[in-house]
1. Using the Kirkwood radius built from alpha carbon pairs, what does the Stokes-Einstein equation give as D for the chain at 4 °C and 1.567 mPa s, in µm² per second?
2. What is the sum of charges, Lys and Arg at +1 and Asp and Glu at -1, for the other residues whose Cβ falls under 13 Å from the Cβ of Phe133?
3. Given the pairs Lys33/Lys55; Lys38/Lys97; Lys11/Lys97, which are separated by over 23 angstrom at their Cα positions?
4. Please list, in order along the stretch 50-60, the HN-Hα scalar couplings obtained from phi with the Karplus expression 6.51 cos²θ - 1.76 cosθ + 1.60 (θ = phi - 60°), rounded to whole Hz, x for Gly and Pro.
5. For Ala36, what is the net charge nearby, where nearby means another residue's Cβ is under 15 Å from its Cβ and Lys, Arg count +1, Asp, Glu -1?
6. So between Val111 and His41, what do we pick up on full extension, going 0.36 nm a residue minus the alpha carbon distance?
7. To make sure I understand the rule: partners must be aspartates and glutamates, Cα under 20 Å from the Cα of Lys105, and not fewer than 8 residues away in the same chain. Which ones qualify?
8. Express the relative contact order of the stretch 1-135 as a whole percentage, based on alpha carbon pairs under 8 Å and six or more residues apart in sequence.
Amino acid sequence: MSLERTLSIVKPDAVGRGLIGEVLKRFESAGLKIVAAKLVHLTPERARAFYAVHKQRPFFASLCDYMSSGPIFVSVLEGEGSIARNREIMGATDPAKAAPGTIRKDWGKDVEQNAVHGSDGPDTAATEIAFFFRPDEIFRPSH
Ligand code: IDP
Ligand code: MG
């Protein structure tokens with residue numbers, strides 16, 4: 001494994017229920033370091049741009065409405081194998097199928113409002129981090 005960065009989003013349903021701290025605690029307990037973070041309210045256009053890869057899927061319009069329905073908490077997680085590690089901590093896309101102890105099992109409402117997003121590979125991680133953060137907004141030990 002190598003030192004990686006990945007993008008995490010606490011989605012509007014979880015932010016609205018006051019779960020930001022609970023989610024971040026799981027990342028930090030797993031040894032992932034939060035190296036950038038902020039609250040963002042996506043416009044529908046920005047939500048469509050973020051999820052452009054899914055634009056042919058039947059749930060695209062609903063997903064973009066949901067993701068622009070309230071503030072989200074975006075962060076960059078750094079650590080060994082952080083991309084896969086974050087996906088493990090999140091659990092399966094559908095909370096009903098997620099493993100016990102995962103974020104989505106504990107707090108996801110349904111397959112759409114599933115509490116969190118995490119990048120699925122190195123290329124998407126780089127693209128998604130750049131979607132939300134300028135390089136100078138990401139912590140480096142030399143700062
Ligand atoms: P992921 O978030 O686990 O990577 P993706 O397949 O990339 O899952 O889907 C992106 C997001 O789209 C999901 O997190 C969820 O919010 C939503 N989504 C995925 N599948 C469905 C579905 O079948 N119905 C409604 N929403 C869905
Ligand atoms: Mg995905």
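We did not get these values from a lab; they are worked out from the coordinates using the rules stated. All of these numbers come straight from a predicted model, not from anything done at the bench. Backbone-built Cβ (ideal geometry, glycine too); neighbour counts: all protein chains shown.
1. Answer, rounded: 85 µm²/s.
2. Working: positive: Arg5, Lys38, Arg134, Arg140; negative: Glu78, Glu128, Asp136, Glu137.
Combined, the nearby Lys, Arg, Asp and Glu give 0.
3. Working: Lys33/Lys55 32 Å; Lys38/Lys97 29 Å; Lys11/Lys97 19 Å.
Among Lys33/Lys55; Lys38/Lys97; Lys11/Lys97, the Cα-Cα distance tops 23 Å for Lys33/Lys55; Lys38/Lys97.
4. 4, 9, 3, 4, 9, 5, 8, 6, x, 8, 4
5. -1
6. 23.1 nm
7. Asp13, Glu22, Glu28, Glu88, Asp94, Asp120
8. That works out to 37 percent.
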